[in-house]
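Visitor: Dropping the structure in here first, questions after.
The values are calculated or read from the model by the stated rules, or taken from the named source; none is laboratory data. Computed from a predicted model, the values in this text were never measured in an experiment. A quick note on method: Cβ atoms are made from the backbone with ideal geometry, for glycine too, and the neighbour counts reach across all protein chains shown.
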Amino acid sequence: MKSDFLKYQAQTTPHPLNFEVDYAKGSYIYHKNGKKHLDFVAGVSACSLGHQHPRVKEAIRKQLDSYLHVMVYGEYAQEAPIALSKLLASLLPESLNSTYLVNSGTEAIDGAIKLARRVTGRSEIIAALDAYHGNSYGALSLMSKEERIAPFRPVIGGVSFIKFNCQKYLERITTSTAAVILETIQGGAGFIEPQHNFLKKVKERCQAVGALLILDEIQPGFGRTGKLFGFEHYQVVPDILVMGKGMGGGMPIGAFTASNEHMHLLSDNPKLGHITTFGGHPVIAAAALATLREITETSLIKDTLKKEQLFRKLLIHPLLIEIRGKGLMLAALTPSAAITTQVILRCQEEGLILFWLLFEERAIRITPPLTISEDEIREGCSILLKILNEIHESL
């Protein structure tokens, strides 16, 4: 598998992990060599209910017996995507009542940008320094890291930047601004939470100048932070909400949600203002609906905060200088990128899956399934502390 993987499948890095997957179940991924690995990453926050959750599998099977793809998005009424959109509306603030289903978070970001420009008639989009919203051209254009975007220029224009959590930048939001787009909790930058009512003050500034606030909940969303969506912690409601990753229970999906009044503008002048062939795919929507029901009908959301406290209680070590984040969206920082890389690679050898963050090279990603048990948390933290001890002794 390794040689064929490297020869025939396009790669994202020069040195992929090359983990040969046999199967996955619950909180574990099993290697072809028979060894099981405890998953503290959950497909980069995507597998909210772990692997092969029975409710998700049953929803997929049931939909497979009815029909797969039947028509491009938005033309036919199909039960699963309608039920998913309706349930989302019932769980969100009243102004967020219309959902456009797409195939991924980055596609949802692009749709949200288009919607903001259509609603306001303005072009300027303001993003945050060190933000990460995806890699399609629209989402890439919201990135401030020049080394990442330089090889692909020109990107879309009309984008400027403010500093996350820095209120003096708010004056840059003006009557020329179509929207400010922010991650509710900055992901790639190191799981940085908003401070001192920053999101609320951004929303107030947007309202004052007639701009929209777009919140990217692709990582925090669907219960990972102890609320269904992260913005619920910060007394702010976005004009456009973007989601993805964890909403599909391991299946590929994204969405952006706004008011019906605003969303309707994408359907006319021009018609087909935003279109996708496979967005709202009935099998994917069925999986997402089952995921959302499981998350909201059980104690999983409430339990994330208890599990966070267990992680924080266990992960005390001289080489762990800080643990950032909320709920089960955590980043453990070591003193250096080199130590972090050692930890991640050596933990995989010991049967624990960890991963990096995009921009904060000292961070160890800890984003397990919401379904992870306390015993599994203790098991994984024991492995992590063992490796940290070995590294510490060698320094």
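Visitor: Any residue at all in the range 364-379 that's touching a Cys at 6+ places or on another chain (Cβ under 9 Å), of a type outside the set (S, T, N, Q) and farther than 24 Å from His133 by Cα?
Guide: no
Visitor: Give me a count of the residues in the range 1-36 that are in contact (Cβ under 8 Å) with a residue 60 or more places away in the chain, out of contact with any His (no Cβ under 8 Å at 6 or more places or on another chain) and not in a loop (DSSP other than H, G, I, E, B).
Guide: 1
Residues are listed down the side, and each one gets a yes or a no for (1) closer than 21 Å to Val72 by Cα; (2) within 18 Å of the chain's Cα centre (by Cα):
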| position | (1), (2) |
| --- | --- |
| Ile275 | yes, no |
| Ala285 | yes, yes |
| Lys326 | no, yes |
| Thr334 | no, no |
| Ala338 | no, no |
| Thr341 | no, no |
| Glu350 | no, no |
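Visitor: If the Cβ limit is 9 Å and pairs must be 6+ apart or interchain, which residue in the range 320-337 that is touching a residue at least 24 places away in the same chain (Cβ under 8 Å) and over 16 Å from Ile353 (Cα atoms) pairs with which residue that is assigned to a strand (DSSP E or B) and among the aromatic types (Phe, Trp, Tyr)?
Guide: The qualifying pairs are Ala337/Trp356.
Visitor: Condition first: within 14 Å of the chain's Cα centre (by Cα) and either closer than 21 Å to Arg118 by Cα or crowded, with 24+ Cβ neighbours inside 10 Å (or both). Now tell me which residues in the range 162-193 satisfy that.
Guide: Leu182, Glu183, Thr184, Ile185, Gln186, Gly187, Phe191, listed by residue number.
Visitor: So, Ile156, is that one assigned to a loop (DSSP other than H, G, I, E, B) and surrounded by fewer than 17 Cβ atoms within 10 Å (Cβ to Cβ) or not? Walk me through how you get there before you give the answer.
Guide: Working: assigned to a loop (DSSP other than H, G, I, E, B): yes; surrounded by fewer than 17 Cβ atoms within 10 Å (Cβ to Cβ): yes.
Yes.
Visitor: Residues to consider are Asp216, Asp239; find the one that is over 22 Å from Arg55 (Cα atoms), under 11 Å from the mean Cα position of the chain (by Cα), of a type in the set (Asp, Glu) and modelled with pLDDT of 95 or more. Steps first, please.
Guide: Values: Asp239 fails: under 11 Å from the mean Cα position of the chain (by Cα).
Within the list Asp216, Asp239, the selection yields Asp216.
Visitor: Okay, next question. Would you check which residues across the range 47-63 are out of contact with any Asp or Glu (no Cβ under 9 Å at 6 or more places or on another chain) and either small (Gly, Ala, Ser) or assigned to a loop (DSSP other than H, G, I, E, B) (or both) and list them?
Guide: Passing the criteria: Gln52, Ala59.
Visitor: Looking at the range 57-75, can you tell me whether even one residue there is modelled with pLDDT of 95 or more, within 22 Å of the chain's Cα centre (by Cα) and under 17 Å from His264 (Cβ atoms)?
Guide: The answer is no, given that none of the residues of the range 57-75 is modelled with pLDDT of 95 or more, within 22 Å of the chain's Cα centre (by Cα) and under 17 Å from His264 (Cβ atoms).
Visitor: Still on this structure, I have one more. Quick check on the range 360-390: of everything there that is charged (D, E, K, R) and in a loop (DSSP other than H, G, I, E, B), which residue is surrounded by the fewest Cβ atoms within 10 Å (Cβ to Cβ)? So that I can check it myself, show each step before the final result.
Guide: At the first step, the residues of the range 360-390 found to be charged (D, E, K, R) are 360-362, 365, 374-376, 378-379, 386, 390.
Next cut, in a loop (DSSP other than H, G, I, E, B) only: 360-362.
On the way: Glu360: 22, Glu361: 15, Arg362: 20.
Only one residue tops the list, namely Glu361.
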